[in-house]
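Okay, structure first, notes after.
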Amino acid sequence: MGGATAATDVDARTDDQAVTGERSEPVAAEADGAEAEFRDDVSVELVRSAARDADVLFAARVSTKGEQSLDDVEADAERSRGLINYLMRSRHGSPFEHNSMTFYVHAPIFVFRELMRHRIASYNEESGRYRELRPVFYVPGPERRLVQEGKPGHYQFVSGTPEQHALVERETREQCTRAYASYQRMLAAGVAREVARIVLPLTIYSSAYVTVNARSLMNILSLRTNREESAVPSYPQREIEMVAERMEAAWAGLMPLSHAAFVRNGRVSP
């Protein structure tokens, strides 16, 4: 399992490319000649994968069959549903590591800072040192719950008032537009990109490739999703949960038996 790698430039995807997740309508605002775009979503695209339920089987059976486990490389995973569930239930996690999924993620920077706390994936993110950042900013949508009730670890979020939603939207758009205008003025004056970017808010979007195996992804999902069937409750920030949900949907399609066993056993990473 890899740690975070040095940041490199990742070309921004264009809007007409397929992504997982709904896209909000952009709202334009002028920022010193640049048109700012405001979104209330994230994009997650599975760009490459080598992940099957059968991968779990040959990895698990080598402990008892040695070289004969090669016969299980193309095994019928459906016939071994019980073994996959046993491994998950007993928390024999290493057989779930022999696979790989690479996601392209487009999300606000504050989401990436939470995601990169999971030091069980490999990351390459676009660099504000090497390219001019685009004026795409996150603003919470009307369904985003704004008000926190309770104490940390035992709190919940409830819907805000129309006035609170209007305030958040107005202030976010105003500050982001103003900050990007400052960024543009510094670039126009010849200031280096790595210096000019310091005025940009964490709500600006970035993009990165994130590569994980199923065991690592289950660890992320166990902490970054809030589900009633979870044996250990988690209270993630909604925006990173949106990323986790889209990753989970892609993984469930690739390894349905492993995903079902994960859910059946309380969404605990083995």
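Summary table
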{"quantity": "Residue pairs meeting the criteria (Cβ under 9 Å; at least 6 apart or on separate chains; first open to solvent by 70 Å² or more (accessible area, probe 1.4 Å), in the stretch 174-196; second acidic (Asp, Glu))", "calculated": "Arg185/Asp32; Ala188/Asp32; Arg193/Glu132"}
{"quantity": "Breaking point among (1) open to solvent by 50 Å² or more (accessible area, probe 1.4 Å); (2) modelled with pLDDT under 70, for Val62", "calculated": "(2)"}
{"quantity": "Odd one out for Ile84 among (1) open to solvent by 80 Å² or more (accessible area, probe 1.4 Å); (2) closer than 24 Å to Ala214 by Cα", "calculated": "(1)"}
{"quantity": "Residues satisfying the stated conditions in the stretch 148-167, i.e. open to solvent by less than 90 Å² (accessible area, probe 1.4 Å) and among the polar types (S, T, N, Q)", "calculated": "Ser159, Thr161, Gln164"}
{"quantity": "Residue identified as open to solvent by 70 Å² or more (accessible area, probe 1.4 Å) and under 18 Å from the mean Cα position of the chain (by Cα) among Arg170, Arg145, Arg134, Arg119", "calculated": "Arg119"}
{"quantity": "2 or more residues within 15 Å of Pro236 (Cα to Cα), touching a strand residue (DSSP E or B) at 6+ places or on another chain (Cβ under 9 Å) and not hydroxyl-bearing (Ser, Thr, Tyr): qualifying strands (runs of 3 or more DSSP E) within the stretch 118-177", "calculated": "147-149, 156-158"}
{"quantity": "Qualifying residue in the stretch 226-238 (condition: open to solvent by less than 50 Å² (accessible area, probe 1.4 Å) and among the acidic types (Asp, Glu))", "calculated": "no"}
{"quantity": "Residue match in the stretch 37-52 (condition: assigned to a helix (DSSP H, G or I), within 18 Å of Met101 (Cα to Cα) and at pLDDT 90 or above)", "calculated": "no"}
{"quantity": "Complete set of residues in the stretch 91-113 that are in contact with a Pro (Cβ under 8 Å, 6 or more places away or on another chain) and surrounded by fewer than 20 Cβ atoms within 10 Å (Cβ to Cβ)", "calculated": "Arg91, His92, Gly93"}
{"quantity": "Residues of the stretch 216-261 satisfying the condition of being in a helix (DSSP H, G or I) and either among the charged types (D, E, K, R) or on the phi > 0 side of the Ramachandran plot (or both)", "calculated": "Arg224, Arg238, Glu239, Glu241, Glu245, Arg246, Glu248"}
{"quantity": "Every pair of residues 6+ apart whose Cβ atoms lie under 7 Å, when the first sits in the stretch 122-145 and is among the basic types (Lys, Arg) while the second is open to solvent by 90 Å² or more (accessible area, probe 1.4 Å) and part of a strand (DSSP E or B)", "calculated": "none"}
{"quantity": "Hey, Leu202 touching a helix residue (DSSP H, G or I) at 6+ places or on another chain (Cβ under 6 Å), aliphatic (A, V, I, L, M) and open to solvent by 80 Å² or more (accessible area, probe 1.4 Å) or not", "calculated": "yes"}
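The values are calculated or read from the model by the stated rules, or taken from the named source; none is laboratory data. Treat the numbers as computed from the prediction; the structure is a model and nothing was measured. Don't worry about glycine lacking a Cβ; one is built from the backbone with ideal geometry, like all the others, and counts go over all protein chains shown. Just the protein is used for accessible areas: all its heavy atoms, side chains included, with ligands, DNA and RNA removed. Shrake-Rupley method; radii C 1.70, N 1.55, O 1.52, S 1.80 Å.
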